[in-house]
Each structure stands twice: as C-alpha cells, then as structure tokens.
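Novice: Here it is, the structure in full.
The values are calculated or read from the model by the stated rules, or taken from the named source; none is laboratory data. Bear in mind that the values here come from a model prediction, so they are computed numbers and not experimental data. As a convention, Cβ positions derive from the backbone with ideal geometry for all residues, glycine included, and neighbour counts pool all protein chains shown.
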Amino acid sequence: MKEDIDSSNIPRHIAVIMDGNRRWARKRGLPAAFGHKKGVDTVKKIVEAASNMGVKALTLFAFSTENWKRSGKEVNALMSLLRQTIRKYSTELYENNIKLMVSGRVKEMPPPLNNEIAEAIERLKGGKKMVLNIALNYGGRQEILDAVNRILKARPGKITEKEFEKYLYTYPLPNPDLLIRTSGEMRISNFLLWQSAYSEIYITDVLWPDFTENHLRGAILEYQKRQRRFGT
C-alpha cells in the first residue's frame with residue numbers, strides 16, 4: 001500500500017542536483033547527448049509532479065560553471081538542447097501557470113540561448129502556481145563572491161544575513177527545505193552553498209533519467225519524517 005504524503009507539510013522549495021545523465025547513456029552504449037535528452041523528459045515529469053503536490057518553488061541544477069570544462073561537442077549539444085527545450089516547453093509552463101526564473105551568470109551564455117531565456121521569462125512572469133528556477137552557468141562560490149561585490153558597489157557598512165540574501169541569484173525565493181541529489185554521489189557540488197545551510201538532504205542512487213514521480217514522493221515522505229532543527 002502506497003504511503004500518503006502529508007499535504008500540510010509539503011516542502012515549499014525543493015532543489016535538485018540532477019546527476020547521472022551521462023552515466024545513464026554510457027550504460028546503454030549511447031553518446032552523452034542521449035542521456036541529456038532523456039534527462040529533459042524527466043524534468044518535465046518532475047515539474048508537473050512537484051506542482052501538483054503543492055511545491056511552490058523547484059530549483060534544478062542544469063549547468064554549472066565547471067561544466068564548461070567538458071568537451072566542446074558535449075557543451076554545444078547541451079546549449080542547443082537547452083535552447084530547444086526552453087522554446088518548446090514555455091507553452092506548457094504557461095498553460096500550467098508556472099513562472100520561470102534562471103539563477104546564475106546567465107549573461108555569459110551564448111546569445112541565442114540568452115535571448116530564448118529572456119523571452120520565456122517575460123512570457124511566464126505571471127505564473128502563480130509554482131516557480132521553476134533553473135540554475136544555469138551556476139556556481140555557489142561564484143554566487144557568494146558576486147553578491148559581495150554587488151554589496152561593496154552598492155553600499156558601505158555592515159550587512160545582515162537577511163540583507164545579504166537579497167544579492168544572491170535566487171532572491172526572492174525562500175531557502176530550499178529539501179535538497180535532492182540523484183546518482184548516489186555524496187556531495188553538493190558547489191550548489192546553493194548559502195541557501196542550503198539548513199536544507200534536509202536526500203540522496204538516491206537512481207540516475208536522473210530514471211527518477212520518477214514516485215521517487216519524488218519518496219523523498220518528500222522521508223523529509224516529512226525528519227525533525228528540522230535549524231542548528232538548535
């Protein structure tokens with residue numbers, strides 16, 4: 001019998017390190033691009049499932065600042081896939097009342113992708129049901145450095161944690177309640193270093209292309225069994 005999740009205790013914000021696309025492809029003797037395409041299918045299913053469960057914000061780690069070190073062929077394929085996905089998927093997001101947000105050094109992305117992102121954000125700005133936040137060209141340490149430099153430029157004197165958060169890429173989203181990592185790796189890979197200080201962490205061996213609504217449900221059930229302490 002499937003255990004029901006408590007609808008009164010749904011994480012407001014879930015962040016996901018979507019790991020395992022390349023391993024999924026390798027296990028099948030396929031190029032990495034096939035794993036990334038399959039990963040996009042999973043993104044669509046999980047966005048819909050999270051929205052239907054009452055999650056208010058979903059942040060997905062799509063491309064890190066370190067990913068530029070991969071082969072040029074793979075990076076180019078990823079950029080093309082991201083552009084195509086944003087263009088085609090924005091209609092579905094609009095119909096499902098989902099707002100799009102992008103966190104990271106987006107201006108450093110290729111201009112065609114940048115333009116596609118800007119158009120989609122504008123089109124989806126009225127979404128009220130859930131925020132889909134894509135971490136793109138994102139690095140947690142770089143985010144903190146960028147925030148510090150913006151603060152130094154904007155104002156002198158001391159600053160509180162609450163004020164500091166206004167300079168992060170993810171503002172005004174709340175900090176994630178639950179951080180999920182697929183593929184079994186035991187690290188957070190420079191992702192949301194400030195924001196995840198008190199997030200509940202859930203790690204599964206499932207590769208991202210194989211991650212389903214039931215796996216998301218299992219992560220939320222585990223979250224609901226924990227007692228959050230926030231350092232106390």
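Novice: Considering only residues that are in contact with an Asp or Glu (Cβ under 9 Å, 6 or more places away or on another chain) and among the small types (G, A, S), which ones fall in region 38-49?
Specialist: Result: A49, single match.
Novice: Follow-up. List the number of the failed condition for K56; all other conditions in (1) closer than 23 Å to Y171 by Cα; (2) of a type in the set (K, R); (3) touching a helix residue (DSSP H, G or I) at 6+ places or on another chain (Cβ under 8 Å) hold.
Specialist: (3)
Novice: When you scan region 52-75, do you find a residue that is small (G, A, S), surrounded by 19 or more Cβ atoms within 10 Å (Cβ to Cβ) and either free of Cβ contacts under 8 Å to residues at least 60 places away in the same chain or in contact with a Leu (Cβ under 7 Å, 6 or more places away or on another chain) (or both), even just one?
Specialist: yes
Novice: Based on what the data block shows, is I188 in a loop (DSSP other than H, G, I, E, B), β-branched (V, I, T) and under 28 Å from N67 (Cβ atoms)?
Specialist: yes
Novice: Related question: What pairs come up if the first residue lies in region 78-99 and is closer than 13 Å to I121 by Cα and in contact (Cβ under 8 Å) with a residue 24 or more places away in the chain, the second is of a type in the set (S, T, N, Q) and part of a helix (DSSP H, G or I), and their beta carbons are under 7 Å apart, counting only those six or more places apart or on different chains?
Specialist: These pairs meet every condition: I98/S51.
Novice: Could you check region 23-39 and list, in sequence order, the residues that are surrounded by fewer than 21 Cβ atoms within 10 Å (Cβ to Cβ), of a type outside the set (F, W, Y) and out of contact with any Pro (no Cβ under 8 Å at 6 or more places or on another chain)? Steps first, answer last, please.
Specialist: Start the filter on region 23-39 by keeping residues that are surrounded by fewer than 21 Cβ atoms within 10 Å (Cβ to Cβ), which leaves 23, 26-34, 37-38.
Filter once more, keeping what is of a type outside the set (F, W, Y): 23, 26-33, 37-38.
Within region 23-39, R23, R26, K27, R28, G29, L30, P31, A32, A33, K37 qualify.
Novice: From L216, L207, L192, which residue is at positive phi, touching a helix residue (DSSP H, G or I) at 6+ places or on another chain (Cβ under 8 Å) and among the hydrophobic types (A, V, I, L, M, F, W, C)?
Specialist: L192
Novice: Same structure, new question: Of the residues A219, A147, A197, A135, which single one is within 20 Å of S8 (Cα to Cα), among the aliphatic types (A, V, I, L, M) and at pLDDT 95 or above?
Specialist: After ruling out the rest, the residue left standing is A219.
Novice: Can you tell me which residue in region 89-112 is nearest to S51 (Cα to Cα), limited to those that are touching a Gly at 6+ places or on another chain (Cβ under 9 Å) and of a type in the set (A, V, I, L, M)?
Specialist: Ranking the candidates gives I98 first.
Novice: Next question, about the same structure. With the checklist (1) at pLDDT 95 or above; (2) surrounded by fewer than 16 Cβ atoms within 10 Å (Cβ to Cβ) in hand, flag the one item R87 doesn't pass.
Specialist: (1)
Novice: Has region 182-189 got any residue that is touching a Gly at 6+ places or on another chain (Cβ under 9 Å), crowded, with 16+ Cβ neighbours inside 10 Å and more than 23 Å from V102 (Cα to Cα)?
Specialist: The answer is yes; a qualifying residue exists.
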